1. Based on Cα positions only, what radius of gyration and what Dmax would you give for the chain, in angstroms?
2. For the pair Arg255 and Arg189, what calculated FRET efficiency results from E = 1/(1 + (r/R0)^6), where r is the Cβ-Cβ distance and R0 = 25 Å, to the nearest 0.05?
3. Once the other residues with Cβ under 13 Å from the Cβ of Ala120 are scored (Lys, Arg +1; Asp, Glu -1), what is the net sum?
4. Mind giving me the nanometre distance, one decimal, between the label points for Val264 and Arg143, set 7 Å out from Cα along Cα→Cβ?
5. Give me Arg101, Arg143 sorted ascending by neighbouring Cβ count inside 10 Å, so fewest comes first.
6. Using a Förster distance of 41 angstrom, determine the FRET efficiency expected from the C-beta separation of Glu182 and Asp16, and round it to 0.05.
7. With a 10 Å Cβ neighbour count serving as the proxy for reagent exposure, in which order, fewest first, do Lys188, Lys87, Lys59 appear?
8. Among Met117, Met190, rank each residue by its count of other Cβ atoms within 10 Å, from fewest to most, as a rough exposure measure.
Amino acid sequence: MTDGLFRKIDHGSTADEAVRQIEFLLLDGVLSSGDRLPSERELADQLSISRPVLRDALKELESRGLVESRHGGGTFVADLIGQVFSKPVAELVARYERSTRDYLEYRRELEGFAAAMAAARATADDRERLSAIGDALRSAFERDDFQAEIDGDIELHNAVGEAAHNIILIHTLRACYKLLAEGIFYHKRMILDLPGSREAILTQHLDIIAAILSGDAPAARQASERHIDYVAGAVKAARRASERKFVSGLRKIQRETATLKSRVRSRESKG
């Protein structure tokens, strides 16, 4: 994954340049939390520095919490996003519907901004990636592969954020999607189970991609905002459907219990 990311260092007398190269890749989101760096030998060779110099560089990065060494497993990018909410706060947030509304309201503005910037700034590589994601989303829809649709959804939103080429935006969006992946606000499967939602969401995603590929920033923003508006409505509808199902289940239990009691009383009276 990291082959070709590192450049040879012309003046390798210190570890500073190696530190700066890895910092740059972390800052721009090229390397993400959990990514494994090349082995010590490979990385020293790619950077054209000695292994002792590389060790000094990695030690500096580790002391600042940017990478971590795992015994016998190599060096990995640390959890750069971290814990957005403490466990007690996350549990509190998850209990209240207002939190989901606020989360989606925040994402609407952030993702609309990101989509507009992506339309203006996307490189040829960014556009190629977005096209490939669109193809993968279509394929997942045709196969009825819910998990692939969910994975593709997250990948698309990350790709749009990265195509905006704003380092603060990239890391902020990743924090947003980490909360979503952890099911703090809602589970995406609950939306996909709604009638017609899969078709609607696919169309919305493809609209976002098309607007970015055409370089139309206002259209990209509008497509992104329409998507979040739909998700907000779908979450609300899914919760109402779940509540109705729950109440119907309780009524069924009550009816069955009443019927059973009636039968018992009937048998007792006959006995």
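We did not get these values from a lab; they are worked out from the coordinates using the rules stated. None of the values given here were measured: they were computed from a predicted structure. Virtual Cβ from ideal backbone geometry, glycine too; neighbours counted across all protein chains shown.
1. 25.2, 101
2. Result of the calculation: an efficiency of 0.25.
3. Surrounding charge for Ala120 is +1.
4. 5.2
5. Details: Arg101 14, Arg143 10.
In increasing order of surrounding Cβ atoms, one gets Arg143, Arg101.
6. Computed FRET efficiency for Glu182 and Asp16 comes out at 0.65.
7. Details: Lys188 21, Lys87 8, Lys59 13.
By the 10 Å Cβ count, ascending: Lys87, Lys59, Lys188.
8. Ascending Cβ contact count within 10 Å gives the list Met190, Met117.
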